[in-house]
Amino acid sequence: MPVVAALRDGLLSAGTVDSSALLQGQKAVSIVHNGAVYRLQATKLGKLILTK
């Protein structure tokens, strides 16, 4: 089910962010949370890995 349809049907919360919006075509992005830097990385198999 597409994310837009899932949001419309109430299956996802309004605070949901699609991974493509975070990654914007890149394989990895850095996220700062409470002063610590985390790395969100997409694998070749389409999984996500979050490391500190």
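Remarks
- Residues satisfying the stated conditions in region 19-50, i.e. open to solvent by less than 70 Å² (accessible area, probe 1.4 Å) and on the phi < 0 side of the Ramachandran plot: 19, 21, 23, 28, 29, 31, 36, 38, 40, 41, 42, 43
- Count - residues of region 5-30 that are under 15 Å from the mean Cα position of the chain (by Cα) and either at pLDDT below 95 or of a type outside the set (A, V, I, L, M, F, W, C) (or both): 17
- Residues (assigned to a loop (DSSP other than H, G, I, E, B) and of a type in the set (S, T, N, Q)) located in region 14-46: 16, 24, 26, 34, 43
The values are calculated or read from the model by the stated rules, or taken from the named source; none is laboratory data. From a predicted model like this one, the values you see are computed outputs, not experimental measurements. All accessible areas refer to the heavy atoms of the entire protein, side chains included, with ligands and DNA or RNA removed. Shrake-Rupley method; radii C 1.70, N 1.55, O 1.52, S 1.80 Å.
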